[in-house]
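Everything below concerns the one structure shown next.
The values are calculated or read from the model by the stated rules, or taken from the named source; none is laboratory data. Worth saying up front: this structure is predicted, and the values here are computed from it rather than measured. In this analysis, Cβ positions are derived from the backbone assuming ideal geometry, glycine residues included, and neighbour counts consider all displayed protein chains. Surface accessibility is based on the protein's heavy atoms, side chains included, excluding ligands, DNA and RNA. Shrake-Rupley method; radii C 1.70, N 1.55, O 1.52, S 1.80 Å.
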Amino acid sequence: QVQLVDSGGGLVQAGGSLRLPCIASGRTFSSYSRGWLRQAPGKEREFVAVITGSGDNTAYRDSVKGRFTISRDNAKNTAYLEMNSLKPEDTAVYYCVADEDLTRIGLQRPGFWGQGTQVTVSS
């Protein structure tokens, strides 16, 4: 059974940091792009970040550039989202995702989803 398992969420004060790991199981995702989407209460879901299978290329939404870093360890089948200088507007459920096609993550239509992890940033 293919699974993506989100974790690492929690409550943090503005300016703080969190690291979200996403562990994949059931198949090897080393050739898949990995990423995160997020959805805040009452708002549309939005793209956050993506990394290619090799890890050579990354992309971020403008509002998180310079604060968030996506990375991966293919030997562990794990991707990470390092979030620094967190702001209250970063509060959302964060979903790790994967797809063979990078663009499907950008279009928010990836083939594989984690269960989501709640990130709450207090002011």
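Numbers at a glance
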quantity: Residue within the range 86-94 that is in contact with a Pro (Cβ under 9 Å, 6 or more places away or on another chain) and within 18 Å of residue 106 (Cβ to Cβ) present; calculated: yes
quantity: Residue check for residue 97: touching a Leu at 6+ places or on another chain (Cβ under 9 Å), of a type in the set (A, V, I, L, M, F, W, C), in contact (Cβ under 8 Å) with a residue 24 or more places away in the chain and over 21 Å from residue 17 (Cβ atoms); calculated: yes
quantity: Strands (runs of 3 or more DSSP E) lying entirely in the range 15-120 (those with 2 or more residues that are within 14 Å of residue 3 (Cα to Cα)); calculated: 18-25, 78-83, 92-99
quantity: Test: residue in the range 86-97 that is open to solvent by 60 Å² or more (accessible area, probe 1.4 Å) and farther than 18 Å from residue 26 by Cα; calculated: yes
quantity: In the range 1-44, the residues that are under 11 Å from residue 78 (Cβ atoms), in contact with a Cys (Cβ under 9 Å, 6 or more places away or on another chain) and open to solvent by less than 20 Å² (accessible area, probe 1.4 Å); calculated: 4, 20, 22, 24, 34
quantity: Top-ranked residue in the range 45-64 [being of a type in the set (Asp, Glu) and under 20 Å from residue 86 (Cα atoms); ranked as least open to solvent (accessible area, probe 1.4 Å)]; calculated: 46
quantity: The listed residue being surrounded by fewer than 16 Cβ atoms within 10 Å (Cβ to Cβ) and basic (Lys, Arg), out of 67, 104; calculated: 67
quantity: Test: residue in the range 68-75 that is modelled with pLDDT under 95, among the aromatic types (Phe, Trp, Tyr), under 19 Å from residue 102 (Cα atoms) and touching a strand residue (DSSP E or B) at 6+ places or on another chain (Cβ under 9 Å); calculated: no
